[in-house]
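Only the coordinates and a few stated rules stand behind these numbers; no lab work does. Everything numeric in this text was worked out from a predicted model, so none of it was measured. Here the Cβ positions follow ideal geometry from the backbone for every residue, glycine too, while neighbour counts run over all protein chains shown.
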Amino acid sequence: MKGKETLPEKKNADKKRFMNYHMVEMKKILRDPILTGSILVIIAALALFIVYPLYNILKESFLTENNIITLKYYKEALSNTENIQVLKNTIVLGVFVGFVATAIAFLFAYADAFLKIRFKKIFNIVSILPIISPPFALAMSFIMLFGQRGIITHKLLGIQNANVYGFKGLAIVQILTFFPVAYLLLLGMLKQIDPSIEEAARNMGASRGQVFKTIILPLVKPGILNAFLLVFIQSVADFGNAMVIGGNYTTLSAQVYIQSMGNYDLKGGTALASVLLSISILMFVLQKYWIGNKSYVTVTGKPSRERNLIEENYIRIPIQTICVIITVFIIVLYGLIPIGSFVKVWGIDYTPTLKHYQYIADLGLKSIIDTTKFALISMPITGILGMVIAFLITRKKFIGRKAIEFTSLLAMAIPGTVIGMGYVLSYNKYPLMLTGTATIIVLSFVFRSMPVGIRSGIVSLQQIDPAIEEAAQDLGANTFKVFSSVTIPLIKSAFFSGLIYSFVRSMTALSAVIFLVSARYNMLTVEIMSQVDVGRVGVAAGYCTILITIVLVVVGIMKLLLSKLGIDTSQVKG
């Protein structure tokens with residue numbers, strides 16, 4: 001009929017309007033040299049320091065020495081029975097750790113959000129400890145408790161030659177290390193559920209169990225799946241714990257390092273790195289674009305009022321008991337680190353001594369100074385870069401915006417061993433001869449820590465009406481002025497959270513920098529791991545204690561300064 005559009009015509013009209021809108025937006029951007037320059041710099045940086053290293057790993061694994069495309073290295077790697085077993089080990093460990101850690105995390109989050117119990121503040125301490133300590137700190141403490149000369153196995157139980165290494169030890173350590181990540185995610189979701197829904201069900205005669213099964217669990221199911229995948233990614237990418245306590249139970253992240261650096265088989269190492277990368281990216285895409293988009297309106301809404309916490313003892317006491325036991329165990333494990341640094345020989349001679357700190361003062365100060373210095377240098381770069389990218393993704397419409405978002409957040413999913421190897425392959429020749437320099441270490445810190453700042457920036461910007469920034473632009477402010485004078489003050493909590501996280505993550509980084517350290521620059525975490533390898537547990541514990549102290553002091557100083565500036569530090573995580 002005349003006057004009515006057919007379906008193809010409507011689609012073409014919508015497509016035309018869409019293209020016209022984007023053309024108008026692109027013209028606005030091109031008229032702003034600061035904005036255009038920022039976008040081009042961001043694209044170049046992401047291409048150079050995220051995409052290019054990954055490209056070089058893939059290229060190295062697919063090309064022979066004569067630059068002929070081949071699948072030879074993949075066939076060799078995946079036909080090797082040892083590597084097949086390593087792949088199985090990695091997936092089995094990831095699934096097991098993901099399942100158990102998510103279950104424990106849900107228990108903690110449920111206790112915190114729904115139950116009237118004491119010790120809730122201690123749960124927050126447990127969630128922070130894995131972030132501010134080296135990635136293998138718990139593995140080291142676990143060996144000090146349950147190893148051949150462990151306090152419990154050797155001293156108390158008299159067990160000779162106790163074997164803490166392998167799947168059991170690695171799984172327990174990973175669960176205790178990674179469950180706080182899932183706990184923080186699930187806690188946020190559970191606290192956002194409107195209590196009126198539960199009360200309506202209770203008023204209609206539903207029991208506590210029925211409310212939990214039919215309301216609470218379905219609402220947070222996407223969050224549980226999300227938490228599982230996050231823990232799975234962390235477990236698969238974990239390098240430090242696998243090297244320290246894995247024993248004969250080798251995982252892909254450790255095998256990549258052993259193959260390339262230990263066996264000097266770079267081609268085989270890149271093939272394994274590509275397999276590891278494929279698993280991590282698949283889980284990342286699944287977590288972000290499928291499960292991450294599944295939520296329910298009632299979860300995203302703000303609760304109408306405070307929840308009446310559960311007081312029934314048959315629910316409260318068992319859950320509180322389990323949470324307290326796990327919490328105390330984790331605190332004991334972390335407490336062993338400073339204790340171990342003050343005894344002569346752990347498991348043999350517990351005489352108090354300062355000799356380990358004397359050793360560090362004589363031979364190890366440079367690695368402490370270098371690590372702290374590089375972390376402080378990378379901190380403002382990471383924070384500003386993260387907020388700029390978050391601003392561009394959230395506030396501007398331009399061709400390539402989605403690609404920038406995906407690539408910048410992708411760094412979160414890339415295992416450290418993969419990105420470390422990629423940097424070595426990419427920057428060991430001119431014009432970017434960066435291998436062995438401080439610059440490459442700082443760059444790895446920046447691009448490994450940046451995604452968290454971007455995510456917090458995006459969340460904060462989505463809660464702010466863009467009309468405020470548009471008003472500033474209408475009054476003649478350019479993009480730089482709007483960003484520095486309007487946007488940053490509005491999202492200052494997210495900005496400073498990114499700064500603090502960047503510093504902490506850089507201080508505790510291991511899997512990427514172990515490929516990048518040199519005779520000139522050695523990092524603290526790499527030094528700690530080398531001390532564990534040669535059996536100097538006291539020295540390693542001393543280094544760990546110093547690292548944690550530096551992190552706490554710097555974060556404390558930053559929060560003090562922020563409070564003096566009138567910024568609410570309770571919103572600044574870290």
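Things worth noting here:
- Approximate spin-label separation residue 122-residue 437, in nm, with each point projected 7 Å along Cα-to-Cβ: 5.0 nm
- Cβ-based charge dipole, the chain, positive-most Cα from 314, 518, 232: 314
- Theoretical FRET efficiency, 1/(1+(r/R0)^6), r = Cβ-Cβ of residue 428 and residue 480, R0 30 Å, to 0.05: 0.25
- 15 Å beta-carbon shell around residue 411, net charge (K/R +1, D/E -1): +3
- The calculated 222 nm mean residue ellipticity attributable to helices in the chain amounts to -22000 deg cm²/dmol, summing -39500 (n - 2.57) over DSSP H runs of n ≥ 4 and dividing by all residues.
- When 544, 323 are sorted by how many other C-beta atoms sit within 10 angstrom of their C-beta, beginning with the fewest, the order is 323, 544.
- For the pair residue 81 and residue 48, the difference between a 0.36 nm per residue extended length and the Cα-Cα distance amounts to 8.3 nm.
- Placing unit charges on the Cβ atoms only, positive for Lys and Arg and negative for Asp and Glu, gives region 316-417 a dipole magnitude near 600 debye about its Cα centre.
- Debye intensity ratio in log₁₀ form over the Cα atoms of region 71-348, taken at each q of 0.07, 0.17 Å⁻¹: -0.32, -1.30
- Extension gain for residue 36 to residue 155 (0.36 nm times residue separation, less C-alpha to C-alpha distance): 36.2 nm.
- Taking 0.36 nm per residue of separation and subtracting the Cα-Cα distance, full extension of the segment from residue 552 to residue 468 would add 26.6 nm.
- As a calculated quantity, the FRET efficiency between residue 358 and residue 162 at R0 = 35 Å, using C-beta atoms, amounts to about 0.70.
- Per-residue Cβ neighbour rank within 10 angstrom, fewest leading, 356, 154: 154, 356
- Our compactness index for the chain, the C-alpha radius of gyration over the empirical 2.2 N^0.38 Å, is 1.04.
- Pairwise label distance in nanometres, residue 345 with residue 103, each label 7 Å out on the Cα-Cβ vector: 4.2 nm
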